[in-house]
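A quick write-up on the structure given underneath.
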Amino acid sequence: MIDLSIISPVYGCERCLESLHHRISQTAQALGLNYEIVLVDDRGPDDSWLVMAALARRDPAHVRAIRLSRNFGQHQAISAGLSECRGRAAVVLDCDLQEPPEVIPRLWEQFQEGHQVVFARRLARKHSPLKRATSWAYNRIIRLFGGPFQWSDLGSLSLIGRPVIDRFNAFKDVNRHYLHIVQWLGFDPVTIDYVHQPRAAGKSSYSFSQLLRHAIQGLLFQNTRWLEGIVLAGALLSILGLAVGCWAAWTALRGSPPPGWASTVVISSLLGGAIILIQGIVGLYVGQIFEQVKGRPLYVVAERIGGVDPLPSQQPTQQPTQQPTQQPTREPA
């Protein structure tokens, strides 16, 4: 049995993979663990796969390199690693070394104390001021509307035990976020703090539009609270329209009706914008339903190098040995 699987989705980190392997190996060996490193290539623009393949051939007992058929996204790559890992527990960390492997002993210590979910909270994040500000706003909004996501400043760095891994792998959601699913699962998580490190190589693979799309998915599609908000907004607009109508009737009875075109334009614009916004949000939910019911796989694995296939191998069916047929013997007359 493998004690610990360390899973890292790889995208655009060719220059730091050697250091990642060295630091993880040193940390795991110092703990005396039987470990494996599962590197999942999410088809970045560089030659990361060549380095991953070399590491897997050089250290096949500990490194497993998995290459996806195309770029599926960070959380799909994490899902691929979790579905293939064989450890009693799994640590997920980014490949750019902003999440230092030297934190793994503290995560393992919490696991040894009986915790099945251990999160790591970032201190002094090494991101731009704009990204820190938008991340702060996103975390506050999602804590208000996004369901069980209750901690901010969490990255991918975390540890989950085998019961959590198995239940994570049972999820079929096309729209997924690793942290959201793990927090939804519960298991009384605990957190530790660590100092966020500068990026060792490359740059963030998320553009502004990708971050915006990722934020919308996280806000809208974790639950139906936004649909409940739409119903509430519709009720408030109806009350507002009724109040404006009563005011218009009251001023008309007093002989001083309001100017017609101004009030009509304002109210029409308000209601028209609200209707378009509401239909857009409902349309986003319908689009996610469409993606889900298609039933496509979350990812496609193109190649594996190193380690052993975690799936039980099919043993060839043994044909029963055929006993020679004995001819009946005639007794002499």
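Check Ser5 against each of (1) modelled with pLDDT of 95 or more; (2) polar (S, T, N, Q); (3) surrounded by fewer than 21 Cβ atoms within 10 Å (Cβ to Cβ) and name the one condition it does not meet.
Only one criterion in (1) modelled with pLDDT of 95 or more; (2) polar (S, T, N, Q); (3) surrounded by fewer than 21 Cβ atoms within 10 Å (Cβ to Cβ) is unmet by Ser5, namely (3).
Can you say whether Ser79 is under 15 Å from Pro9 (Cα atoms), surrounded by 21 or more Cβ atoms within 10 Å (Cβ to Cβ), of a type in the set (S, T, N, Q) and without any contact (Cβ under 8 Å) to a residue 60 or more places away in the chain, as far as the supplied structure shows? Reasoning before the result, please.
Details: under 15 Å from Pro9 (Cα atoms): yes; surrounded by 21 or more Cβ atoms within 10 Å (Cβ to Cβ): yes; of a type in the set (S, T, N, Q): yes; without any contact (Cβ under 8 Å) to a residue 60 or more places away in the chain: no.
So Ser79 does not fit the description; no.
Might you check whether a residue that is at pLDDT below 75, surrounded by 12 or more Cβ atoms within 10 Å (Cβ to Cβ), at negative phi and not assigned by TED's automatic domain parsing to the domain that holds Val63 occurs anywhere in segment 311-328?
no
Going by the structure shown, is Arg43 crowded, with 16+ Cβ neighbours inside 10 Å and either among the charged types (D, E, K, R) or without any contact (Cβ under 8 Å) to a residue 60 or more places away in the chain (or both)?
Yes; evaluated as a whole, the condition is true for this residue.
Starting from segment 275-296, keep only residues that are surrounded by 10 or more Cβ atoms within 10 Å (Cβ to Cβ), then list their pairs with residues that are at pLDDT 80 or above and among the hydrophobic types (A, V, I, L, M, F, W, C) whose Cβ atoms are within a distance under 7 Å, requiring at least 6 positions of separation or different chains.
Glu291/Val174; Gln292/Val174
Considering (1) in contact with a Phe, Trp or Tyr (Cβ under 7 Å, 6 or more places away or on another chain); (2) modelled with pLDDT of 70 or more, say which one Leu220 fails and leave the rest.
The number of the failed condition is (2).
Looking only at segment 8-29, filter to residues that are of a type in the set (Gly, Ala, Ser), surrounded by fewer than 21 Cβ atoms within 10 Å (Cβ to Cβ) and over 22 Å from the mean Cα position of the chain (by Cα); which one of those is nearest to Phe111 (Cα to Cα)?
Here the answer is Ser25.
So, Gly32, is that one in the same structural domain as Leu97 (by TED's automatic domain parsing), without any contact (Cβ under 8 Å) to a residue 24 or more places away in the chain, surrounded by fewer than 19 Cβ atoms within 10 Å (Cβ to Cβ) and not hydrophobic (A, V, I, L, M, F, W, C) or not?
The answer is yes for Gly32.
For segment 104-116, which residues satisfy the criterion of being in a loop (DSSP other than H, G, I, E, B) and either under 19 Å from the mean Cα position of the chain (by Cα) or touching a residue at least 24 places away in the same chain (Cβ under 8 Å) (or both)?
Passing the criteria: His115, Gln116.
The values are calculated or read from the model by the stated rules, or taken from the named source; none is laboratory data. Quick caveat: nothing in here was measured; it's all calculated off a predicted structure. Methodologically, a virtual Cβ is constructed for each residue, glycine included, from the backbone with ideal geometry; neighbour enumeration extends over all protein chains shown.
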